[in-house]
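Here the structure is laid out as structure tokens; the discussion comes afterwards.
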Amino acid sequence: MLNSLAGPMIVGTLFETASPDDLKTQYCGVHMWREAIQRVLISEAELHCRIQALGRVIATDYQGRELVFVAVLKGALMFSADLARAVDLPLTIDYIALSSYGNRHVSSGRVHILKDLSESIANKHVLIVEDIVDTGISLQYLWDHLMSHHPADLNVCALLDKRARRRVELPIKYTGFDVPDAFVVGYGLDYQQRYRNLPFIGILHPEVLTPEPR
Ligand code: PRP
């Protein structure tokens, strides 16, 4: 009988005895999802170390200034929470939700604001906190949108920079890691809304990606 509160050992037993069909239907997504990861690109420890370093630099640069994080949902959820704790300064955090990929794995080229700013950023020192800059289309759209609210200054902190696919160039003041042209997930980044809660950045098996219509 299934125990919905089963701990790791009991779950492990079920995993060994269940057929592949059982796993798909009864445990869909619980056990099998990590097998979609081809390899870990950036480990949890590497993320932690780099984010602490970014936090120290940002704290030095923004000393004495009224700093506002504008974190971009949903992807920057984890990064913004960890980066904010690594910056030893008073700051405020606002969230803006954008979408340009939907459930696809290539940018639609059209950016939608799903949730706008909650507070005024006029005359504030604003830092955009992004999980990844890929084509740059989302960042360009966000940059123009935020500049129309007249911040004192505007800069960008991106955890990941995928330069190979850039179509629009904007200065990124703080970068966590350069990443290759592969589909990366985890630590906030998704494919079809899944994998965001992986604690590391991993490369998804290309076979997992649904082919895009031509
Ligand atoms: C992702 C990511 C960036 C954007 C980068 O967001 O979080 O905001 O794409 O891609 P680009 O440089 O090609 O524009 P997505 O639209 O997938 O929404 P999500 O953050 O909710 O996953």
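The values are calculated or read from the model by the stated rules, or taken from the named source; none is laboratory data. Bear in mind the structure is a predicted one, so any value in this text is a computation, not a measurement. For neighbour counting, all protein chains shown are included, and Cβ atoms are generated from backbone atoms with ideal geometry for every residue, glycine included. For the accessible areas, the whole protein counts, side chains as well, though only heavy atoms, and no ligand, DNA or RNA atoms are used. Shrake-Rupley method; radii C 1.70, N 1.55, O 1.52, S 1.80 Å.
Here are some notes:
- First in segment 35-50 and modelled with pLDDT under 95 and part of a helix (DSSP H, G or I), second anywhere and exposed (fewer than 15 other Cβ atoms within 10 Å of the Cβ) and of a type outside the set (A, V, I, L, M, F, W, C), Cβ under 9 Å, 6 or more apart: E35/H205; A36/R194; A36/H205; A36/E207
- Within segment 77-94, the set of residues being surrounded by fewer than 22 Cβ atoms within 10 Å (Cβ to Cβ) and of a type in the set (G, A, S) comprises A81, A84, A86.
Matching residues to (1) at pLDDT 95 or above; (2) open to solvent by less than 20 Å² (accessible area, probe 1.4 Å); (3) charged (D, E, K, R):
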site	(1), (2), (3)
I96	yes, yes, no
N103	no, no, no
V106	no, no, no
E119	yes, no, yes
V126	yes, yes, no
E130	yes, yes, yes
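- When segment 137-156 is filtered for residues that are exposed (fewer than 14 other Cβ atoms within 10 Å of the Cβ) and within 14 Å of the ligand (Cβ to nearest atom), only D144 remains.
- Of all residues in segment 60-76, those that are surrounded by fewer than 16 Cβ atoms within 10 Å (Cβ to Cβ) have Cβ atoms under 8 Å from Cβ atoms of residues that are outside any loop (DSSP other than H, G, I, E, B), 6 or more apart or on another chain, in R65/H125; E66/H125.
- Unique match (being charged (D, E, K, R) and near the ligand (Cβ under 9 Å from one of its atoms)) among K115, K74: K74
- Filtered residues of segment 157-208 (kept if buried (at least 21 other Cβ atoms within 10 Å of the Cβ) and within 11 Å of the ligand (Cβ to nearest atom)): A158, L159, L160, V184, V185, G188, L189, Y195
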